[in-house]
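My questions will all concern the structure given below.
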Amino acid sequence: MTEPAATPAPEAALSDTEVLEQFAQRDYKEGFYTDVESDSAPPGLSEETIAFISKKKQEPAWLLEWRLKAYHTWLKMEDPTQRPAPEQWAMVHYPKIDYQAISYFSAPKKVSLDSLDQVDPEILATYNKLGIPLEEQKMLSGVAVDAVFDSVSVATTFKDKLAEVGIIFGSFSDAVKQHPELVRKYLGSVVPTGDNYYAALNSAVFTDGSFVYIPEGVRCPMELSTYFRINAANTGQFERTLIVADKGSYVSYLEGCTAPMRDENQLHAAVVELVALEDAKIKYSTIQNWYPGNKEGVGGIYNFVTKRGACRGDRSKISWTQVETGSAITWKYPSCILQGDDSVGEFYSVAVTSGRQQADTGTKMIHLGRNTKSTVISKGISAMNGQNVYRGAVQMQKRATGSRNFTQCDSMLIGDQCGAHTFPYITVRNPSSTVEHEASTSKIGEDQIFYCNQRGLSTEDAVSMIVNGFCKEVLKELPMEFAVEATKLLGISLEGSVG
Amino acid sequence: MLKITNLHATVEGTEILKGINLEVAPGEIHAIMGPNGSGKSTLAQVLAGHDAFTVTEGTVRYENEDLLDMAPEDRARKGVFLAFQYPVEIPGVNSAYFLRTGLNEVRKARGEEEIDAYDFLALIRAKMALVEMDESFLKRSVNEGFSGGEKKRHEVLQMAVLEPRLAILDETDSGLDIDALRVVANGVNQLHTPQNSAIVVTHYQRLLEYIVPDYVHVLMGGRIVRSGGKELALQLEDRGYDWIREETAAAAATTQPAGA
Ligand SMILES: Nc1ncnc2c1ncn2[C@@H]1O[C@H](COP(=O)(O)OP(=O)(O)OP(=O)(O)O)[C@@H](O)[C@H]1O
Ligand SMILES: [Mg+2]
């Protein structure tokens, strides 16, 4: 039996831990559901399901074959998280997923890539509510948006304007039809179908996503962005994004994601492939705000994503920036393969885990070319029972002489029930390369909060300010249009854990 | 403006304040002196609302309101300012932004309009000149990597910006060179009007040559054991605290009822 506390100091006892705990009870304002008529595949995964998806999308035969090959590879693979504990490498825990209980295709009936007039008004209203108007008169200026709703792209803004400079931007399905040679050349060239369990699954059943091609020497005149929305219940989302930046081109691309609040977990297993040719630069930013589940860990999205970029050409550069605030479980390692000499890879990450969220995230920097350079800045924030893992691999291969990596990994803990862990994997196969790794863990101090309070700031504002200060080096990498949103989101996702 | 009556406070079950009585009228400056560990910072933090301390007995009235009932940020917004003995570092948070956010909260509470970035810059420049701080500090993170003396000046700068009704300075003079001491004193004196009051915690009579107190109190063992005018500070500087300790003990022995 527990002894009565020695000091009956109710206010003091409440304030420290409880105040911090309340902080993690966020409102998820994107958690609504839109009632639209949709066309769904019955739950279950088989060759028939894959043929159904491929037919729905009017795909050429080679793509169906490609999918089936991936499916057979997947069948032979072992679900990595179902291995016995000692062999499990990712620090995430969840019940076995029944892949036969998921529906692999769900598309609203009323969509048309030709005209918004033919799109279900409920869908347009959904995007308006999410702050991403698709109607011409209301479109965000300076940002072209591809809106993906469950398994299909429902609209792409500024498509024509981008086409004037030769840029291809739109739904993946559309690109398969319009530019099959480009898709065929690059699809699976960075993430092979059998790369890992979820990449194989995605390759078999992927539905839609964005395709981007920037021609030689073109600097994309606006931000490109894809907004992913999971709406239907019991449906998985398996999108595929492919971005190719031809010689000397530049593009900045951003993805955002939200989903309704549900008690069942939903699976999101995406694959993103980036290819940068000689002197090309790709900046890829993510603001991930999938439904995280409730405080007790019921519901939420399983976010199992494979993102990889190949710096194929000399002097090319790929930069990943991610702000991960949502999902019940996040499992992703946006990586760079630095093939070209003097190529540059960057990874800037903020990952927040609150409630019962788990995140196992990081990057891989594979140095193959000479004088290649990579920078990794990772900021993990854990609150309540959140578990945050940074897992990062840096490899300096034999030919990668004169290459450098700098990794900085900072963790912040809010309260004392949460955890932060760092796992660096470093391989150096040549003597002229250098790898630097710095790590720190700090606790958001009651004293910091009190100091802010004493200057008139509410506790919520104080925490938001302290957390944003902690993440500053990452947030400044985001395109300006989205930095403000990310700052707000960080505040919201930790709302309530300090009262 | 401030009336502390029989204030008792504990931290982690240990009683630190054991019945403080203190009244501060508008426009008065009170100095509090006392040996290390006697409870001076505890008193300051309790007044500012730090929740590590639990008030177990007594009351504090501030401008006819129950101060202990207010959240720390509300106390700040109503004009209670604490210059910390150990100012806290907040990495990544730009000092100018921090100060402007605080000032706007205080202004909102006073029913004034928020100040925009442009007007704020003019204001902060004037205040920085007052405390002789270089403008480059505005771009730095709050207190991060500041020297001890710089931190203290930064506290005075914040005080000058927020213009509190009741300023509590906890050893703001410790670790300062002579020039800085004068700067801190200037900051306090500048704020000093017939309405605004200050409680100055210090170990050194020296500060009181610049900031002339109306009263000097000696805090010892969680109680104010002696109060006097500014000459009391001189006496303490000369003789230390032992004589007060002895006199207090003797007085306690004679007044103590038998058997207690
Ligand atoms: N958080 C805490 N936990 C435990 N004891 C504490 C805590 N804070 C203060 N104390 C104790 O309370 C007593 C009074 O401390 P306080 O800081 O108020 O002294 P002070 O008069 O300001 O001393 P100084 O002149 O050294 O600044 C000390 O014995 C100190 O150790
Ligand atoms: Mg002290």
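All of the numbers you see were taken from the coordinates with simple rules; none came from a lab. Remember, it's a predicted structure, so these values are computed and weren't measured experimentally. All Cβ positions, even for glycine, are placed from backbone atoms using ideal geometry, and neighbour counts span all protein chains on display.
Using the Kirkwood radius built from alpha carbon pairs, what does the Stokes-Einstein equation give as D for segment B:5-57 at 37 °C and 0.692 mPa s, in µm² per second? The partial results should precede the final answer.
On the way: Rh = 11.8 Å.
Translational diffusion coefficient: 278 µm²/s.
Averaged over B:105-115, how many beta carbons belonging to a partner chain fall within 10 Å of each residue's beta carbon? Spell out each step's value before the answer.
On the way: counts 6, 2, 1, 1, 1, 0, 0, 0, 0, 0, 0.
Average per residue, whole number: 1.
Starting from the Cα of residue A:177, step 7 Å along the direction of its Cβ; do the same at residue A:298; then give the gap between the two resulting points in nm.
4.3
A follow-up question, please. What is the calculated FRET efficiency for residue B:130 to residue B:237, with r their C-beta to C-beta distance and R₀ = 25 Å, to the nearest 0.05?
On the way: r = 29 Å, r/R0 = 1.14.
Given R0 = 25 Å and the Cβ-Cβ separation, E is 0.30.
Scan around residue A:155 for amide H atoms under 5 Å from its own, H built in the peptide plane at 1.01 Å from N, and keep only partners 5 or more places away or cross-chain.
Answer set, sorted by chain and number: A:147.
Inside 10 Å of the C-beta atoms of B:41-48, what's the mean count of C-beta atoms belonging to other chains?
Details: counts 0, 0, 0, 0, 2, 0, 0, 4.
For this peptide, the per-residue mean of nearby foreign Cβ atoms is 1.
Peptides A:408-418, B:49-59, A:426-436, A:332-342: what's the order by average Cβ count within 10 Å, highest mean first? Walk me through the numbers on the way to the answer.
Details: A:408-418: 20.7, B:49-59: 18.4, A:426-436: 14.1, A:332-342: 24.2.
Sorting A:408-418, B:49-59, A:426-436, A:332-342 by mean packing, highest first, produces A:332-342, A:408-418, B:49-59, A:426-436.
Could you give me the radius of gyration and the Dmax of segment B:126-202, taking only the C-alpha atoms into account and expressing both in angstrom?
When restricted to Cα atoms, segment B:126-202 yields Rg and Dmax of 12.0, 37 Å.
For segment B:165-184 and segment A:340-380, write down the distance between their C-alpha centroids in whole Å.
Cα centroid of segment B:165-184 versus Cα centroid of segment A:340-380: 46 Å apart.
Shifting gears a bit: Please state, to two decimals, what the Cα-based radius of gyration of segment B:2-255 comes to when divided by 2.2 N^0.38 Å (N = residues). Please report the intermediate quantities before stating the final value.
On the way: Rg = 18.4 Å, N = 254, 2.2 N^0.38 = 18.0 Å.
Ratio of Cα Rg to 2.2 N^0.38 Å: 1.02.
Work out from phi, with θ = phi - 60° and the Karplus expression 6.51 cos²θ - 1.76 cosθ + 1.60, the ³J(HN,Hα) of each residue of segment A:392-401, listed in order in whole Hz, and give x for Gly and Pro.
Values, residue by residue: x, 10, 10, 10, 10, 7, 3, 6, 7, 5 Hz.
Looking at the square roots a ≥ b ≥ c of the eigenvalues of the Cα gyration tensor of segment B:48-102, which shape do they give, rounded for a/c under 1.5, prolate if a/b is larger than b/c, or oblate? Write down the numbers at each step before the final one.
Working: a/c = 3.03, a/b = 1.80, b/c = 1.68.
Prolate, because a/c is 1.5 or more and a/b exceeds b/c.
Explain nothing, just compute: Karplus ³J(HN,Hα) = 6.51 cos²θ - 1.76 cosθ + 1.60, θ = phi - 60°, for every residue of segment A:281-292 in order, whole Hz, x for Gly and Pro.
10, 10, 10, 10, 10, 10, 10, 9, 10, 4, 4, x
At 222 nm, what helix-only mean residue ellipticity would chain B give, in deg cm²/dmol to the nearest 500, using -39500 (n - 2.57) for each DSSP H run of four or more? If you can, show how the numbers build up before the last one.
On the way: 9 runs with 100 residues, N = 260.
It comes out at -11500 deg cm²/dmol, rounded to the nearest 500.
Now for a separate question. For a quick check, take a GNM of chain B with Cα springs below 10 Å and name the residue from B:176, B:82, B:166 with the largest mean-square fluctuation.
Highest fluctuation among the options: B:176.
Now, a different point. Holding the Cα-Cα limit at 21 Å, pick out from A:379/A:443; A:96/A:332; A:281/A:379; B:3/B:152 the pairs that are longer than that.
Pairs exceeding the cut-off: A:281/A:379; B:3/B:152.
Over all residues in B:90-101, what is the mean tally of Cβ atoms on other chains that come within 10 Å of each residue's Cβ?
For peptide B:90-101, the averaged partner shielding equals 5.
To continue, here is another question. According to a simple spin-label model (label point 7 Å from Cα along Cα-to-Cβ), what is the distance in nm between residue B:121 and residue A:69?
The answer from the label model is 6.0 nm.
Most mobile of B:181, B:208, B:123 per a Gaussian network model of chain B (Cα springs, under 10 Å)?
In this elastic network of chain B, the residue with the biggest mean-square fluctuation among B:181, B:208, B:123 is B:123.
Could I ask something else about it? Under 10 Å, Cα contacts only: if you run a Gaussian network model on chain B, which one of B:16, B:224, B:178 comes out with the highest mean-square fluctuation?
Answer for the Gaussian network model of chain B: B:178.
How are the alpha carbon pair distances in segment A:347-499 distributed across 10 Å bins from zero to the largest one, expressed in percent?
11, 35, 30, 16, 7, 1
Each residue of segment B:214-221 in turn: what ³J(HN,Hα) in whole Hz from Karplus with 6.51, -1.76, 1.60 and θ = phi - 60°, glycine and Pro shown as x?
Couplings: 7, 9, 10, 10, 10, 9, 8, x Hz.
Taking amide H positions as placed 1.01 Å from N in the peptide plane, with prolines and chain starts having none, which residues 5 or more places from residue A:309, or on another chain, fall under 5 Å of its amide H?
Under 5 Å from the amide H of residue A:309: A:274, A:335, A:336, A:337.
Moving to a separate point now. In whole Å, what is the distance between the alpha-carbon centres of segment B:85-111 and segment B:214-255?
When both Cα centres are located, 37 Å separates them.
Considering the convex hull of the alpha carbon atoms of the protein assembly as shown, report its projected area averaged over all viewing directions, in nm², one decimal.
Details: hull surface 157.2 nm².
Averaged projected hull area, Cα only: 39.3 nm².
Right, another one. Could you give the dipole magnitude of the protein assembly as shown about its Cα centre, charging the beta-carbon of Lys and Arg +1 and that of Asp and Glu -1, in debye to the nearest 20?
Computed about the Cα centre, the dipole is about 2140 debye.
Residues of segment A:341-362 with amide nitrogen under 17 Å from the 7 Å Cα-to-Cβ point of residue A:406?
Only A:343-349 pass the distance filter.
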